Amino acid sequence: MKHLLTATSAAAVSMALMVVVPSPSNADIVHLDDVIIQFSLCLGNDCSNGESFGFDTLRLKENNVRIHFDDTSVSASFPRNDWRITINDSGNGGGAYFSIDDATAGRQVFRVDAGAPSNSLYIDSQGDVGIGVANATTDLHVRSGNTPTLRLEQDGSSGFTAQTFDVAANEANFFIRDVTNGSALPFRIQPGADQDTLYLNSSSRVGIGTNSPQVPLDVYASSATVGTNVSNSANRAGLRVRSQSGPAQIALDSGNNGEGWRLLSVDDDSALRIVRAGNGVVELELDVAGNLTLGGTITTSGSCSGGCDAVFDESYELPSIRDHADFMFENQHLMHVGPTPEDGPFNLSLKLGGMLSELEYAHIYIAQLEGEVSSLSSRVDALERR
């Protein structure tokens, strides 16, 4: 058991020291040599004879406990800041805490309130920091019974607009919360998300479902196919674009002249359009009935397949211009010979249909003339033989 330095032991120490005896007006005792106390020491108004120290080596005991570190350096090249350890507020109803204060600046720079839970701040031998946990497994390990959260708050004190974000996680998701703007959750990850659900590589390419994106946005879903079942198509599609109000749009802009393109749906999803973004001109529209409307002409360097034109079908019988003239002029094309595939879903514009009808009419007329010329040639040959 450690003991209070008694008057007898203190006198023995004083005999070995040079003591400056204070005047009656100054009761301070000044020792001009080192003071060694081999047992415990109690400082403060409330220390008593026979103090029970337990394992305490130094005890401060009174109603306002403070330790002040007063650096008396006078040279400008030496640090001289003063520090203080403060235990509790001195006023009635004040806070109960331990703090380290910058005494020179009058600031409380570190504080622990009474009642703080175990392991509120724990630094292990590896330098890992635990908040709420003693056995930190990473550089910074935060543990809480409900939604451990890290808050990032810009308070406006440096002249910038105040803004606060939270980074947090719980059993429902990992999320970033925009506290300043209604606590919206602009970014969330649910537990169980697949590997590489979102991947950003060193070339600034974004992979969704892949860790090797080949284009600026590469979407890969091993089990996703475009479905024919409307009620399930959203779950089976590889990419979906939706708009809460107005048409859903995908913008395409090379950045060279600002004259981009937009692929968009009509507000009621009755049609799909390709629009020039610069002037809003609709260059192509495909409606739900399969009708295709073009703003220009069709140019192709390939051939048409799959019954593209019945004129070239082997089973096609050459119609008579006289029998079909009325139908042609009324419908702008011949019966069974249209400008679109017979079984296909598209209808071209009337202008294009009229042009193709003229070509079909000329083709049929030429074929009929060829037949008449052949017949006349036979008759001439017969006359020459006679």
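Here r is the Cβ-Cβ distance between Arg151 and Ile250 and R0 is 51 Å; the resulting FRET efficiency, rounded to 0.05, is 0.90. Ile87 exposes around 60 Å² of accessible area when a 1.4 Å probe is run over every protein chain in place.
Rolling a 1.4 Å probe across all protein chains gives Tyr97 an accessible area of roughly 20 Å². Using the Cβ-Cβ distance between Phe55 and Glu171 with R0 = 45 Å, the FRET efficiency computed as 1/(1 + (r/R0)^6) comes to roughly 0.55.
Computed from the C-beta positions of Ser125 and Tyr220 and an R0 of 51 Å, the FRET efficiency is 0.70 to the nearest 0.05. Of interest is the spacing of the C-alpha centroids, which for region 77-111 and region 265-279 amounts to 67 Å. For the set Thr86, Thr57, solvent exposure ranked by accessible area (probe 1.4 Å, protein chains only) runs largest to smallest as Thr57, Thr86.
For region 35-184, the spherically averaged projection of the C-alpha convex hull amounts to 16.2 nm².
The values are calculated or read from the model by the stated rules, or taken from the named source; none is laboratory data. Note that the coordinates shown come from a computational prediction; the quantities given were computed from them, not determined experimentally. Every residue, glycine among them, receives a Cβ derived from its backbone with ideal geometry; neighbour counts consider all protein chains shown. Heavy atoms of the whole protein, side chains included, go into the accessibility calculation; ligands, DNA and RNA do not. Shrake-Rupley method; radii C 1.70, N 1.55, O 1.52, S 1.80 Å.
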